[in-house]
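Written below as structure tokens is the structure these notes are about.
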Amino acid sequence: MKEVMIPEEITYVAAFLTFRCSYRCSYCINRHNTLKQRDEMSPKDWIEGLNRLALKKDLMLPITFQGGEPSAYTGFIEIIQNLRKDFYIDMLTNLFFDIEQFMKEIPPDRLQRDVPYASIRASYHPEFSDTDTLLEKIVSMQDHGYSIGLFAVDHPDINLDPIRNKSKSLGVDFRTKELLGMHNGELYGQYAYANAVNGGELKAVDCKTTELLIAPDGCIHRCHRDLYQGENSVGHILDEDLSITFPFRECSRYGECNPCDIKIKNNRFQQFGHCSVIIRDNHGIAYPKSR
């Protein structure tokens with residue numbers, strides 16, 4: 001298949017291998033609105049589709065495997081093994097898989113970049129995670145040279161001090177992420193646009209995104225809201241004539257945005273203040289941002 005050029009403005013390439021997960025956390029952001037399960041492409045199709053992406057290595061832009069839980073997809077190791085060697089690879093995972101088998105199949109330098117955070121970002125979910133087992137796996141992978149750290153949602157009902165302190169004592173890089181969305185009637189998270197999440201009345205806007213989001217079935221979506229609800233695909237990773245562009249596109253669903261799209265966050269170089277979308281009204285005027 002022909003190579004697909006990726007615009008330099010892109011900030012993130014996410015391959016959602018599956019929406020299935022071994023956990024069902026109460027605060028899972030995938031379920032902010034409606035999560036529509038999707039058909040899943042074969043490893044062969046994932047390999048063919050991803051390998052045609054022309055990613056400039058000097059941009060330090062990885063392909064990030066996630067879900068759901070990417071390891072719930074049977075062929076995730078096969079895909080990593082067969083991606084082009086000039087690609088950077090990241091992975092978001094709850095580490096609910098056989099790390100010994102993983103380490104036999106995937107060498108540490110396959111998931112390495114010179115950036116200030118780990119390439120394998122393990123997640124702690126207190127409703128399901130066994131703390132000791134999770135930390136043992138992380139320490140073992142660290143000792144074998146893998147770039148791995150531990151992340152947890154900073155939930156107001158969860159005391160993270162015990163795992164934070166234990167991680168520090170073991171030399172594990174532990175970081176927190178904001179809780180996003182509604183909890184006990186209160187909206188959590190810092191957002192770039194007012195009333196974009198749970199805003200009540202829906203509005204029509206023009207929206208420009210900077211993230212390439214690929215669903216389990218290979219469909220490409222402009223935002224997480226469309227990705228999770230299975231709507232408004234803008235192409236397919238296996239389309240022969242695929243052209244990836246990031247123009248302003250009309251959207252009538254402003255007000256039910258997924259928090260992942262309009263939150264204020266760190267960019268891939270850990271600089272705070274980034275938002276993955278630019279929103280304007282239908283007259284081309286920048287939409288009001290939160291203050």
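Computed values, structure above
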read-out: Descending Cα extents along the principal axes, the chain, whole Å; value: 56, 49, 33
read-out: Projected label distance in nm at Asn232 and Asn184, using a 7 Å step from Cα toward the beta-carbon; value: 3.4 nm
read-out: Most positive-pole-ward Cα, Asn266, Thr209, Gln229, against dipole of the range 209-291 from beta carbon charges; value: Asn266
read-out: Residue-averaged 222 nm ellipticity for the chain, from DSSP H runs of 4+ at -39500 (n - 2.57), nearest 500; value: -5000 deg cm²/dmol
read-out: Proximal charge balance of Lys2 [Cβ under 14 Å; K/R count +1, D/E count -1]; value: -4
read-out: Ile264 long-range amide H proximity, modeled H, under 5 Å; value: Gln190, Tyr191, Ala192
read-out: Quarter of Cα convex hull surface for the range 87-178, i.e. mean projection, nm²; value: 6.1 nm²
read-out: Equivalent ellipsoid semi-axes, the range 1-100, via Cα gyration tensor eigenvalues times 5, rooted, Å; value: 24, 16, 14
read-out: Relative intensity, log₁₀ I(q)/I(0), of the range 19-165 from a Debye sum that treats every alpha carbon as a point, q = 0.20 Å⁻¹; value: -1.41
read-out: The range 43-93 - Rg and Dmax from Cα coordinates, angstrom; value: 10.9, 31
read-out: J(HN,Hα) series, the range 39-55, from Karplus relation 6.51 cos²θ - 1.76 cosθ + 1.60, nearest Hz, glycine and proline x; value: 4, 10, 5, 6, x, 4, 5, 4, 4, 5, x, 6, 5, 8, 6, 8, 9
read-out: Vicinal HN-Hα couplings computed from phi for the range 234-242 (Karplus, 6.51 cos²θ - 1.76 cosθ + 1.60; Hz; Gly/Pro x); value: 10, x, 9, 4, 9, 4, 4, 9, 4
read-out: Where labels lie 7 Å past Cα in the beta-carbon direction, separation of Glu250 and Lys56 in nm; value: 3.3 nm
read-out: In Hz, Karplus ³J(HN,Hα) per residue of the range 208-220 (6.51, -1.76, 1.60; θ = phi - 60°; x = Gly, Pro); value: 10, 10, 10, 10, 9, 10, 10, 6, x, 8, x, 5, 9
read-out: Sites Ser140 and Asp109 - FRET efficiency at Förster radius 22 Å, r taken between beta-carbons, to 0.05; value: 0.80
read-out: Descending semi-axes in Å of the range 99-240, equivalent ellipsoid built from Cα gyration tensor; value: 33, 24, 13
read-out: Lys, Arg +1 and Asp, Glu -1 on Cβ, resulting dipole of the range 1-111 about Cα centre, debye, nearest 20; value: 260 debye
read-out: Dimensionless Rg ratio for the range 185-291, taking C-alpha atoms and the 2.2 N^0.38 Å reference; value: 1.09
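Throughout, read-outs are computed from the coordinates displayed, never taken from laboratory work. Just so you know, these numbers come straight off a predicted model, no measurement behind them. Cβ sites come from the backbone with ideal geometry, for glycine too, and all protein chains shown count toward neighbours.
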